[in-house]
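Following: one structure in structure tokens, then a few remarks.
The values are calculated or read from the model by the stated rules, or taken from the named source; none is laboratory data. As the structure is a computational prediction, the values presented were derived from the model and not from experiment. All Cβ positions, glycine included, derive from the backbone under ideal geometry; neighbour counts span all protein chains shown. These accessible areas exclude ligands, DNA and RNA; they are computed on the full protein's heavy atoms, side chains included. Shrake-Rupley method; radii C 1.70, N 1.55, O 1.52, S 1.80 Å.
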Amino acid sequence: QVQLVESGGGLVQVGGSLKLSCVASGSIFSINEMGWYRQAPGKQRELVAVISNSGIPNYEDSVNGRFTISRDNAKNTVYLQMNSLKPEDTAVYYCNADLREFPASRYHTHWGQGTLVTVSS
């Protein structure tokens, strides 16, 4: 069984920084794309950033230049470095991974349980 576990959330002041981590564990044969999404109170979940298995990132416009996504394939881990945080970045942040558990299986998307980031002004 596959698990994704996020860590690194917390309370930070405007302009501060946080680094989120997400580790995928369990029966994993290979991981394709990994990503971070967020959901603010009363809003739909939205894409923050994704990264391909070769390390090519893509960012949502509002975080481009402030956030950096990276991954360590040897550790099945994806990171999100968040700088210059704003109150509107306050949300629960979720990681996901498009992975397959066995050589013959198809890719499926798995989600973490989320970690809360609160930016205070």
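Scanning region 44-73 for residues being in a loop (DSSP other than H, G, I, E, B) and open to solvent by less than 60 Å² (accessible area, probe 1.4 Å) gives a total of 4. The number of residues in region 74-91 being within 18 Å of M34 (Cα to Cα), open to solvent by less than 40 Å² (accessible area, probe 1.4 Å) and touching a Leu at 6+ places or on another chain (Cβ under 8 Å) comes to 2.
Test N96 against the stated conditions and say whether it is more than 20 Å from Q44 (Cβ to Cβ) and either at pLDDT 95 or above or open to solvent by 30 Å² or more (accessible area, probe 1.4 Å) (or both). It would help to see each step written out before you state the result.
Details: more than 20 Å from Q44 (Cβ to Cβ): no; either at pLDDT 95 or above or open to solvent by 30 Å² or more (accessible area, probe 1.4 Å) (or both): yes.
Judged against the criteria, N96 is not a match.
Taking the listed residues V48, V119, V78, the one that is touching a Ser or Thr at 6+ places or on another chain (Cβ under 6 Å) and among the hydrophobic types (A, V, I, L, M, F, W, C) is V119, with no other qualifying. Residue check: is Y59 of a type in the set (S, T, Y) and touching a residue at least 24 places away in the same chain (Cβ under 8 Å)? It is false that Y59 is of a type in the set (S, T, Y) and touching a residue at least 24 places away in the same chain (Cβ under 8 Å).
Of the residues making up region 30-43, those that are within 16 Å of V119 (Cβ to Cβ) and either surrounded by fewer than 18 Cβ atoms within 10 Å (Cβ to Cβ) or out of contact with any Lys or Arg (no Cβ under 9 Å at 6 or more places or on another chain) (or both) number 5. The combined condition, being under 19 Å from L116 (Cβ atoms), touching a Phe, Trp or Tyr at 6+ places or on another chain (Cβ under 7 Å) and assigned to a strand (DSSP E or B), is not fulfilled by V5. Looking at L116, is it open to solvent by 80 Å² or more (accessible area, probe 1.4 Å) and touching a Gly at 6+ places or on another chain (Cβ under 6 Å)? Considered against the rule, which asks whether it is open to solvent by 80 Å² or more (accessible area, probe 1.4 Å) and touching a Gly at 6+ places or on another chain (Cβ under 6 Å), L116 comes out as yes. Does S54 satisfy the criteria of being at pLDDT below 95 and either farther than 20 Å from K86 by Cα or of a type outside the set (F, W, Y) (or both)? Against the criterion (at pLDDT below 95 and either farther than 20 Å from K86 by Cα or of a type outside the set (F, W, Y) (or both)), S54 does not qualify.
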